[in-house]
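Before any comments, here is the structure.
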Amino acid sequence: MSGATDARGCRITGATPAALLAYERSLAAFQNWRAGAEVDVNLALEAAPGFVMAHVLRAWQFLCSRDPRRVRLARPLFASAAALPSSLREQRHLTAIAAVLGDDYEGAKAALGALLKLHPRDVLALQVAHALDHVTGDLVAMRERVAAVLPHWSYSMPGYHAVLGMHAFSLEESGEYERAEAAAHAALNANALNARAHHALAHVFEMTDRADEGVRWLDRHADAWGTDTVVATHCRWHLALFHLARGDVDAALALHDQYMGAGPAADLSDLIDSAALLWRVELAGGDPGARWAPLAQAWAPRIDDGFCSFNDLHAALAFVGARDWDSAKRLEESLVRAQRLPTRHGETTRQLGLNACRALIAFGQGDDALAITLLASLPLMAHRLGGSHAQRDVLHLTLQKAIDRMRRPARRLVHFGSATNWEEPEALAGLR
């Protein structure tokens, strides 16, 4: 299809009519966070092996991940696309892909930013840049990037609801909760099955302490976000947090046992959600019991991934929760080595990751003074760990618990965990 364009008017190279239709279906699923986007893009590649943007889309589906095992799968797709004739816009995508594969996320964001200035309706470039902003904790860029392209979009354009969903999440992470809620509802008015917008609303409810409303919304719209979406488990994590906020530990653990954990089908995002939820359950006075051990075992092979401080933080939660001090020590030693490297992970490890993980270990071993010192020393750029405010709150909640334990020394917590862990100091015991 010489001179063909996609549904938003962006020129494409090497497509056939059938391949383009499959590509658009895959792109729509990717935008909406629906499962199965890879099926249609693979059909597009089978129909047109020279379709550059189909290679690009499949590569980005792998690269928009915190899992280095998935990221590596993009290499052959990049190599295939780089050998094909391509337009300047497509070449900018390839430049950004090469940067991510080279661990240069800032370079990738710059390439995508330059692309969006010329092609503000390249929704794939926007989605990927938005994801990279989120992974790198670049809150300002995440908000401004989406806002800059909005004037070039309208409800008549395919994918506008996804742009509004990105806008909603960017506003929420910037603390503009009313505008975020309005943008999410606008996205859902355009497409009620936009799982991205439902997820943004869950964050709004979390950050505005509206647990009851969060439970009602997610329960009422479970058919939209809970089936065949890439956030079905994660939105149930949000639902579990709402139950915890209402004091219902049993409901939170029931969601964990049904949808999270370290089963054979669990991927990295499931392990992250499981660790984050079980840790909060313990902070709330609940007892995850035997759930910790298999989770720690699932995290152990990832100790030396050396890829993402956000992942390291959640591995530390699992090891401390399981009282697996050998794995916790191995993780700390790995991070000590990583902090010396001139890499993206090395930088975040130096700035944040190592001290955050050491703080969690200290907290789990009952050294609240050290935990408080380390957590309080994290710089104001803690958002550079990546993830959302709701996810990074685990550090704030741990700091609060450590301070509370220091303020109440009459009963000392020997180890983080079950109800049997409380010990009365000998001096007080002798006065009974």
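The values are calculated or read from the model by the stated rules, or taken from the named source; none is laboratory data. These numbers were taken from a predicted model, which means no experiment stands behind them. Cβ sites come from the backbone with ideal geometry, for glycine too, and all protein chains shown count toward neighbours.
Observations on the structure shown:
- Condition check for MET166: closer than 21 Å to VAL230 by Cβ, modelled with pLDDT under 95 and within 20 Å of the chain's Cα centre (by Cα): no
Quick grid of which residues meet (1) surrounded by fewer than 16 Cβ atoms within 10 Å (Cβ to Cβ); (2) in contact (Cβ under 8 Å) with a residue 40 or more places away in the chain:
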position	(1), (2)
LEU45	no, no
ALA48	no, no
VAL56	no, yes
GLN61	no, no
PRO76	yes, no
ARG92	no, no
LEU101	no, no
ALA111	no, no
LEU126	no, yes
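- Scope the range 258-276; condition over 16 Å from ASP312 (Cα atoms) and at pLDDT 95 or above; matching residues: none
- Flag for SER170 being outside the structural domain of ARG8 (by TED's automatic domain parsing), surrounded by fewer than 24 Cβ atoms within 10 Å (Cβ to Cβ), in contact with a helix residue (DSSP H, G or I) (Cβ under 8 Å, 6 or more places away or on another chain) and not aliphatic (A, V, I, L, M): no
- Qualifying position, being at pLDDT 95 or above, touching a strand residue (DSSP E or B) at 6+ places or on another chain (Cβ under 8 Å) and within 18 Å of TRP33 (Cβ to Cβ), among ALA195, ALA222, ALA200, ALA184: ALA195
- Test: residue in the range 352-372 that is farther than 25 Å from ALA232 by Cβ, of a type in the set (S, T, N, Q) and assigned to a helix (DSSP H, G or I): yes
Yes or no, residue by residue, for (1) in contact (Cβ under 8 Å) with a residue 60 or more places away in the chain; (2) closer than 16 Å to ALA59 by Cα; (3) not assigned by TED's automatic domain parsing to the domain that holds ARG89:
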residue	(1), (2), (3)
ALA7	yes, no, no
ARG11	yes, no, no
ALA15	no, no, no
ALA19	no, no, no
GLU24	yes, yes, no
LEU27	yes, yes, no
PHE30	yes, yes, no
GLU38	no, yes, no
ASN42	no, yes, no
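- Some residue of the range 269-291 being within 13 Å of ASN311 (Cα to Cα), in contact with an Asp or Glu (Cβ under 6 Å, 6 or more places away or on another chain) and surrounded by fewer than 23 Cβ atoms within 10 Å (Cβ to Cβ): no
- Flag if ASP219 is part of a helix (DSSP H, G or I), within 21 Å of the chain's Cα centre (by Cα) and not assigned by TED's automatic domain parsing to the domain that holds LEU27: no
- Of the residues in the range 193-208, at least one is in contact with a helix residue (DSSP H, G or I) (Cβ under 6 Å, 6 or more places away or on another chain), assigned to a loop (DSSP other than H, G, I, E, B) and either in the same structural domain as VAL123 (by TED's automatic domain parsing) or surrounded by fewer than 24 Cβ atoms within 10 Å (Cβ to Cβ) (or both).
- Odd one out for TRP237 among (1) out of contact with any Ser or Thr (no Cβ under 7 Å at 6 or more places or on another chain); (2) modelled with pLDDT under 95: (2)
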